[in-house]
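First comes the structure, then the notes that go with it.
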Amino acid sequence: MKSKKWVFSPREKEILDRILELAIEMTGSESGSLLLKDESEQLYIAAGKNIFPEHLGKRVDTREASVSALVSESGQPLIIDDRDPQNLSRRRSRLHSSISLPVSYENGEVVGVLNLNAVSRRFSERDIPRLEALAESIALLLRENFLRNQRESRIVALSEIISLFGSVRCFESAEEVFEGLSNSVRMLTGASEMAVFKLSARRPYRVFRANWPAELSWGKLDSLHQPIKEVLDKKFPGLVRFNGRESLLLPMVSAHTDKYVLVVFLNEKLDLLDLLILSIVATLAVSCLDNLYFLKTTEKFTRERERNRLARELHDGLAQILASLQIYFHFLEGKLPMEDAATRLLVEKIKLLTSAGIEESRFILSELKGSFVSNRELESRLEEVVQKFIPPQVKVQKEFHLGYGKMPFWVYKTIVSIVQEALSNVQRHAHAREAKVMVGVREDGKLHISIEDDGVGFSPSEVRKATGEHFGLTNLRTRVRLLKGRLRILSSPGKGTKVRATIPLEVLQG
């Protein structure tokens, strides 16, 4: 974490002024100033004694061959007077002498320049040791100021992060959690390029990115696989060199959700305290993911409990009424004058409607209970549908390869409806001599439905232009879409029709 600008307390300003006064007294100077580097590495006048007030805060372009720029770049003291061979003074004639010393940290990094000016005397090499001691004092004060500002900024950032992760928005989705995590890391490190990878057992993949190069997918992170494994085992952030840049690996490990890792391209170096704080942030993100998991689990449990309640009420209410109605009507049927054609038609209609009501109530019950139907039951039902909807004069070829699995009742019902609708179209419109019905699970794990006929066919584009898509075809598309599948209808006049649907494996498994 790097300070963006120097912010001094009143006490620190007082100490800096006192050091400048002491330097002036020790050397017999008339004025003095302290220049510091700002966030863009440019020098500016941060403090001064006996200088024009408007000069405070003024920048010094380090690209120019000025005294301060040379001292900042070289890290060595420099004395300037009228004998200056480099002619660095901006004045045509130099009437005073000046001395400039670098203000440096222990590692040699120059963070400022101490300048003193005198008219009544000339500076010499003997002045340097005493002034270097004062420059070291300034460096110590700057170092303490940097650490204090760093601590304060960390506390402020951490407070904002805790507030962020405590908000309700973190419970809305995993995407919201990762967005909050990326904002937190940006506040703490200043980095903006990062991505979250989900470490699933089958194939890890990226689930979130912020300014992350799109081409850097998991497959391009081969060199990070071992370092990522190490940080996951330790459950602590790690630093690694990746893609030519210093990078952060931030693991997120939970007992309830999947494992994730945040990969960040860094702009600044991080220390141990930074990593400790980032570890806390990762823990907050994991807590949000856990809460999201428990919330969804609770909602699922609540939905299941409500479905079971509705199923019980339906079974004990409407289903029992329909079953009783069917029984009583059966007794009534024997006492009606069945010789009358109108009476027979009315009786058949009532029987069909009662049977349909019972069948529909069973379907709703099965769906509410989340019942599963075996693939063998589906094959048997498809056999019935083919016999019912294919006319006797049409030669039909049937192939069912569904195996021994199970599927949710609503999926079973929708597949039956798809086949039934397609065969209904063959029955009413095709005028076919041969038909082929194939339903099976192939090597790709998907369910494939294919219904073909050699009938009159049609032009799908012409039908849409004339009247809009046929109602039966619309039904087909709607039902296939419910199963998240794909539907293709291939037909042309005189060349029959092919209806092909593909249902994904995850739908079949519920």
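The values are calculated or read from the model by the stated rules, or taken from the named source; none is laboratory data. Values in this document were obtained by computation on a predicted structure and should not be read as measured data. Cβ placement follows ideal geometry from the backbone for every residue including glycine, while neighbour counts extend to all protein chains displayed. To get the accessible areas, we keep the full protein, side chains included, count just its heavy atoms, and leave off ligands, DNA and RNA. Shrake-Rupley method; radii C 1.70, N 1.55, O 1.52, S 1.80 Å.
Would region 400-420 turn up any residue that is without any contact (Cβ under 8 Å) to a residue 24 or more places away in the chain, of a type outside the set (S, T, N, Q), on the phi < 0 side of the Ramachandran plot and surrounded by fewer than 19 Cβ atoms within 10 Å (Cβ to Cβ)?
Checked against the condition, which is being without any contact (Cβ under 8 Å) to a residue 24 or more places away in the chain, of a type outside the set (S, T, N, Q), on the phi < 0 side of the Ramachandran plot and surrounded by fewer than 19 Cβ atoms within 10 Å (Cβ to Cβ), region 400-420 yields no hits at all.
Looking only at region 255-282, which residues are over 30 Å from Glu39 (Cα atoms) and either open to solvent by 80 Å² or more (accessible area, probe 1.4 Å) or modelled with pLDDT of 90 or more (or both)?
Result: Ala255, His256, Lys259, Tyr260, Val261.
Given the conditions (1) at pLDDT 80 or above; (2) in a helix (DSSP H, G or I); (3) open to solvent by 40 Å² or more (accessible area, probe 1.4 Å); (4) not hydroxyl-bearing (Ser, Thr, Tyr), and given that Glu506 satisfies all but one, which numbered condition is not satisfied?
Unmet for Glu506, out of (1) at pLDDT 80 or above; (2) in a helix (DSSP H, G or I); (3) open to solvent by 40 Å² or more (accessible area, probe 1.4 Å); (4) not hydroxyl-bearing (Ser, Thr, Tyr): (1).
Residues in region 201-210: is at least one over 19 Å from Gly180 (Cβ atoms) and surrounded by 18 or more Cβ atoms within 10 Å (Cβ to Cβ)?
Taking every residue of region 201-210 in turn, at least one turns out to be over 19 Å from Gly180 (Cβ atoms) and surrounded by 18 or more Cβ atoms within 10 Å (Cβ to Cβ).
Residue by residue through region 327-341, note down the ones that are open to solvent by 70 Å² or more (accessible area, probe 1.4 Å) and in a helix (DSSP H, G or I).
Ile327, Tyr328, His330, Phe331, Leu332
With the checklist (1) surrounded by 19 or more Cβ atoms within 10 Å (Cβ to Cβ); (2) touching a Leu at 6+ places or on another chain (Cβ under 7 Å); (3) not β-branched (Val, Ile, Thr) in hand, flag the one item Ala157 doesn't pass.
(1)
Pairs needed: first member in region 39-58, over 15 Å from Glu21 (Cβ atoms); second member anywhere, open to solvent by 50 Å² or more (accessible area, probe 1.4 Å) and part of a helix (DSSP H, G or I); C-beta distance under 9 Å; at least 6 residues apart or different chains.
What qualifies is Ile45/His55.
Pull out all pairs, ordered by first then second residue, where Cβ-Cβ is under 6 Å, the residues are six or more apart or on different chains, the first lies in region 475-490 and is under 14 Å from Pro460 (Cα atoms), and the second is among the hydrophobic types (A, V, I, L, M, F, W, C).
Matching pairs, first to second residue: Arg477/Leu487; Leu487/Val480; Leu487/Ala501; Ile489/Val499.
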